[in-house]
Amino acid sequence: MASKKKTPFDAVKVLEQIEEKFEMFQILNEEGKVVNEDAMPDLSDEQLQELMSRMVYTRILDQRSISLNRQGRLGFYAPTAGQEASQIASHYALEKEDWVVPGYRDVPQIIWHGLPLAQAFLFSRGHFKGNKSPEGVNVLPPQIIIGAQYVQTAGIALGLKKRGKEAVAITYTGDGGSSQGDFYEGINFAGSYNAPAIFVVQNNQFAISTPRDKQTKGKTIAQKAVSAGIPGILVDGMDPLAVYAATKDARDRAVAGEGPSLIETLCYRYGPHTMAGDDPTRYRTDDMDTEWEKKDPLVRFRKFLEEKDLWNEEKENEVIEKAKEEIKAAIKEADDTPKQKVTDLMEIMYEEMPYNLNEQYEIYKEKESK
C-alpha cells in the first residue's frame, strides 16, 4: 500500500481551523436565562418591552395572514412564525435612515420600518400600490428572485457611502439563497468597496424542501464571509438579544467605515415555505418540529422578561388585541382600494408613453370605461 505523500501545506487542517472559529453566538438559552452576560445589549426596560411587543404583533400578523390567504383575500404569502427573533430583533437594531432590502418572507421588517400594513396586503395581492413606499420610508419591495436583493443591497450601500450618509443597507435571504451566485457577488462587491451593508442569511433549515446539509458542504454559512474578506458571525436566530447585539455591532462598524458583515441566524420556520401548495410534513418530521418549538423565540424572551417583571399575560393580550384591530382595519382599506387596471400599469410604466403603446392604451381605456 502506497504511503501518503507528504505535502508542505495541510489545506484540510486550515479549513477545519477556520470552521471551528464559527461558534454560535448566544445570550439567552432556551429557558430564557442569560448565558453570556458580557454580551448583553444596552437596552432599557421600555426597549425590551417594545421588542417583545413587536414580536408578538408579528406572530399574530402571520396567523391572520395565513387565514386571509386561505379565505382568498390575500395572494402570495410566505409564513414567518418561528423567525420573529431573526427578523424583528435584527430590524430593531436599525435606524430610520437605514435601507431595508427584503426577500419575500421579510414583509414584517418593512412594516416596522414604516410601510403601511394595508400596502403590505396590497403587495400580496399583486397590486402596484403595494410596491410604492411612502416618502421617507427607506424600503424596497420584497424581492421574489432568490438572492437578487444581495446585489441590490451592495449597490445601495455603495450609494450611501458615496453620499456620506451615516446609514446602512440591510438585506435578508434564506439558506437556499446562499447557494445563488448573487449571494457571493453581493458580499464580494460590498467588501471590495467597503460599503456599509449588512447581509443576513436566515438559516431556517430548509429551502422549500431542500435541507440545509444539501445546500453546501460548509459547516456554516457564516464562514462564507471569509471568501469575501468580510466579518461573519453565526447567531442563535431564536434568541432576540443575540440577534440584536450582532446586528447592532455590524451596523456600528459599518457606519464607522469598517465595511459590510455577514450574519447567519440559525432559526426555523414553523409553517410551509409559502401558502402556494407546499406541504412541510413531506420533508420534516414531528420530532424536528417539536425540537425547534422548544426554542421558540417568543417563549424564550417571555420567560426572560417575566423574570424581570417586565411582561405578563395582560400586556401580551393588549398587544394581541391591538394587532387584530389594526389588521382588520388594514385589510378593509386594502379591500376598498380600487382594483388596478391595465391602463394604470401602462401609465406608471413610462414617464412618456412610447408611440406603439398609445394605440393599445386607448383600446384598453375604452374597454375599461364600459
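Brief remarks follow.
- Eligible lysines near residue 214 by straight Cα distance, threshold 21 Å, same-chain separation 8 or greater: 224
- The slack in the chain from residue 129 to residue 316, taken as 0.36 nm per residue of separation less the alpha-carbon distance, amounts to 64.1 nm.
- Taking 18 Å as the limit for the C-alpha separation, the pairs 294/322; 21/217; 132/165 exceed it in the case of 294/322; 132/165.
- With Cα atoms, 0 to 90° folded angle of helix 313-336 axis to the chain main axis: 40
- Under 23 Å from residue 370, Cα to Cα: lysines that are on another chain or at least 8 residues apart: 339, 341
- Helix 148-162 vs. the chain, principal-axis angle (Cα, 0 to 90°, nearest 10): 90
- Placing dummy labels 7 Å off each Cα toward the beta-carbon, the span from residue 281 to residue 357 is 4.7 nm.
- Prolate/oblate/rounded label for the stretch 177-274 (Cα gyration tensor, a/c 1.5): oblate
- Segments 82-91, 8-17, 159-168 sorted - mean Cβ within 10 Å per residue, highest first: 82-91, 159-168, 8-17
- In range of the label at residue 166: residues from the stretch 245-277 whose backbone nitrogen is under 12 Å from the point 7 Å along Cα→Cβ: 252, 255-257
- Here the contact order of the chain, divided by its residue count and restricted to Cα pairs under 8 Å and six or more residues apart, works out to 22 percent.
- Estimated FRET transfer efficiency when R0 is 25 angstrom, pair residue 35-residue 213 (beta carbons, to 0.05): 0.40
Each reported figure results from applying straightforward, stated rules to the coordinates on display, with no laboratory input. Keep in mind that what you see is a predicted model, and the values were worked out from it rather than measured. Neighbour counts are summed over all protein chains in view; Cβ atoms, including those assigned to glycine, are modelled from backbone coordinates with ideal geometry.
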